[in-house]
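Worksheet: the structure to be examined is printed underneath.
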Amino acid sequence: MGQNRRTITLAICGALLLGTLQFIALPAMDFKNDMAVQVKRNYKALGKLQVLTQEYSQLQAKRKALTSGANANKGTLFAIVEKVTREQQINELIESVRPQRQELENNLVEEKVQVRFDNLYQQDLMRFLYTVEKSLQGITVQNIEIRRTKDELLRADISLIMTTSKQM
């Protein structure tokens, strides 16, 4: 009877030892290995993030250089649109103009001008868009809607956007 108790006790201790090893020690070692792999991944991601941060800083400096000096000489987006339409002699074809100005974060201002032309030739529209976008970097056409009239002329709704830094 004593021999059986000892065998049973050793079997139970062995089972507990194997259970501890199986369910505690081995998962802890796997967790350690997984954490080491995760640390390596995080260092790689950190390296990529540092590169992107440098690139972002460079682009931000370029944007500041482009918008600070150039915009002071050119004026507002509304003034640019008005000047281009006068130069191209299409200002009498303007049906409506709606300028908007919104202050953004990071010392930026977004100017938006919605222009509606009526009875405009396609060549005049192309020249207008080209001249406006060329006149200052940072002007983009957000939306354009073109409809043909019965006289083969165009009715165009154009939304232009320019984002600049605030003038100090």
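The values are calculated or read from the model by the stated rules, or taken from the named source; none is laboratory data. Small disclaimer: the values here were computed from a predicted structure and weren't measured. All Cβ positions, even for glycine, are placed from backbone atoms using ideal geometry, and neighbour counts span all protein chains on display. Heads up: the accessible areas ignore ligands, DNA and RNA and are worked out on the full protein's heavy atoms, side chains in. Shrake-Rupley method; radii C 1.70, N 1.55, O 1.52, S 1.80 Å.
Considering only T76, T53, T85, the Gaussian network model of the chain with Cα springs below 10 Å gives its largest mean-square fluctuation to T53.
Once the 1.4 Å probe is applied to the protein heavy atoms, the chain comes out at 75 Å² accessible per residue. Please report, as a whole percent, how much of the solvent-accessible surface of segment 73-168 comes from carbon and sulfur atoms (probe radius 1.4 Å). Carbon plus sulfur share of accessible area: 44 percent. Whole-percent P(r), segment 89-138, all Cα pairs, 10 Å bins from 0: 20, 46, 26, 8, 0.
The calculated pair-distance distribution of segment 74-168 uses every alpha carbon pair, bins of 10 angstrom beginning at 0, and gives 16, 50, 25, 8, 1 percent. Relative to the 2.2 N^0.38 Å rule of thumb, segment 1-159 has a C-alpha radius of gyration ratio of 2.32. Positive end of the dipole of the chain, charges at C-beta (+1 Lys, Arg; -1 Asp, Glu), about the Cα centre: which of N106, M126, V51 has its Cα farthest in that direction? After comparing all options, I get V51.
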